[in-house]
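Single-structure report; data block below.
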Amino acid sequence: MESLNRMAIELVDEALEYAEELNVGGYDLDNEATVLDFGVEFDAGLEAGLLLTEIQTAGLATPSRHLAEVAGASLPHVELTTDQPALALLCSQKAGWELATEDFEGLGSGPARALVAEEEEFRRIGYTDVFDLTALAVETDELPTEAAAEQVADLADVEPSGVFLLAFPTASVVGSVTNAARAAELATFRLAELGYDPLDIVSATGRAPVAPVAADERAAIARTNDALAYGGRAHLIVREDADYFDEVPSTAAAEHGRPFADIFEERDWSFDDTPAELFAPASVTIDVLGGPTYVHGETDEELLAESFGL
């Protein structure tokens with residue numbers, strides 16, 4: 001497989017070329033790392049969110065948007081499909097990099113993770129990337145600093161001038177779009193966590209509503225998770241049957257049926273203490289090649305209407 005970072009950088013170049021049309025900002029830090037502002041100080045919109053989703057998946061997934069109803073309201077929905085789910089979703093899109101320095105904190109996703117390749121997914125899939133340029137999408141309400149870029153450069157073994165940090169708040173249009181695009185990733189990750197070989201997942205498609213932008217980061221984190229856990233749908237094509245497919249959707253979680261705002265508040269917003277089973281799409285269809293097709297879970301429009309303020 002070609003370098004995930006090389007494919008992603010081609011899309012980063014597109015974002016820089018059409019920054020004005022996308023309402024995205026771009027500038028260099030003093031150490032020559034590049035920051036692209038996808039919503040901190042710029043009003044990047046739906047198209048910017050779709051392009052960032054492509055970058056997060058290293059160009060191996062196709063995102064699209066369309067209007068659909070939630071509790072009678074017309075809302076944009078994001079649908080994403082990939083025939084390389086292990087690489088696109090687990091080795092790239094997954095938010096697995098906790099970027100933290102003395103002056104910056106953010107949650108990183110994208111192909112830069114494949115240059116470090118220390119997470120369990122990379123060992124199971126057997127993939128490590130090598131390239132001299134890298135892109136990391138960073139979920140944050142602040143613009144990345146030089147120290148943040150230096151940390152990425154050091155861990156990814158590239159020069160700071162080869163680092164591209166794409167920043168966006170959860171409470172932004174891009175935040176709502178890129179999180180809605182995670183339905184397929186969450187289903188794939190959940191299935192892998194249950195013991196399924198991710199390389200036996202042939203194709204993955206997911207869809208979820210784009211949550212209305214909330215007033216602050218905590219409210220946005222809760223809403224975007226509700227959008228997936230109560231409005232997300234996924235379809236997986238797999239090679240091998242298993243007896244635990246019913247555990248993939250969020251409906252398998254004991255606390256399913258409660259808004260994430262309540263669940264997070266009870267845990268003082270400690271995400272590590274939140275049951276992992278909740279981070280999944282509401283409904284999952286798993287199609288076994290040459291075998292049965294399983295349908296598990298269901299969406300909850302009433303809870304979404306409450307969460308979205310409809």
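The values are calculated or read from the model by the stated rules, or taken from the named source; none is laboratory data. This one's a predicted model, so the numbers in the text were calculated from it and none came from an experiment. Quick reminder, even Gly has a Cβ in these numbers, built from the backbone with ideal geometry, and neighbours come from all protein chains shown.
List of remarks:
- Residue count for the range 12-37, restricted to those that are surrounded by 17 or more Cβ atoms within 10 Å (Cβ to Cβ), closer than 10 Å to Phe164 by Cβ and aliphatic (A, V, I, L, M): 5
- Test: residue in the range 89-106 that is surrounded by fewer than 18 Cβ atoms within 10 Å (Cβ to Cβ) and assigned to a loop (DSSP other than H, G, I, E, B): yes
- Extreme residue, farthest from Phe42 (Cα to Cα), among residues of the range 122-138 that are buried (at least 24 other Cβ atoms within 10 Å of the Cβ) and touching a helix residue (DSSP H, G or I) at 6+ places or on another chain (Cβ under 7 Å): Asp129
- Elements of type strands (runs of 3 or more DSSP E) in the range 223-310, at least 1 residues being closer than 21 Å to Thr82 by Cβ, in contact (Cβ under 8 Å) with a residue 40 or more places away in the chain and charged (D, E, K, R): 233-238, 283-288
- Contacts under 6 angstrom Cβ, first residue in the range 59-71 being in a strand (DSSP E or B), partner surrounded by fewer than 14 Cβ atoms within 10 Å (Cβ to Cβ), 6 or more apart: Leu67/Ser74
- On the stretch given as the range 206-224, residues that are closer than 11 Å to Phe308 by Cα and not hydroxyl-bearing (Ser, Thr, Tyr) total 10.
- Options Gly195, Gly175, Gly206: the member that is over 24 Å from Leu99 (Cβ atoms), at pLDDT 95 or above and under 13 Å from the mean Cα position of the chain (by Cα): Gly206
- Of the candidates Ala187, Ala252, Ala261, the single residue that is surrounded by fewer than 21 Cβ atoms within 10 Å (Cβ to Cβ), more than 22 Å from Gly39 (Cβ to Cβ) and of a type in the set (A, V, I, L, M) is Ala252.
- Just one of the numbered conditions (1) crowded, with 24+ Cβ neighbours inside 10 Å; (2) in contact with a Phe, Trp or Tyr (Cβ under 8 Å, 6 or more places away or on another chain) is not true of Leu194: (1).
- Test for Phe264: is it in contact with a Phe, Trp or Tyr (Cβ under 8 Å, 6 or more places away or on another chain) and over 14 Å from Ser307 (Cβ atoms): no
- Tally, over the range 38-58, of residues that are part of a loop (DSSP other than H, G, I, E, B), among the hydrophobic types (A, V, I, L, M, F, W, C) and surrounded by fewer than 24 Cβ atoms within 10 Å (Cβ to Cβ): 2
- Within the range 107-121, considering residues that are within 17 Å of the chain's Cα centre (by Cα) and among the charged types (D, E, K, R), the one surrounded by the fewest Cβ atoms within 10 Å (Cβ to Cβ): Glu119
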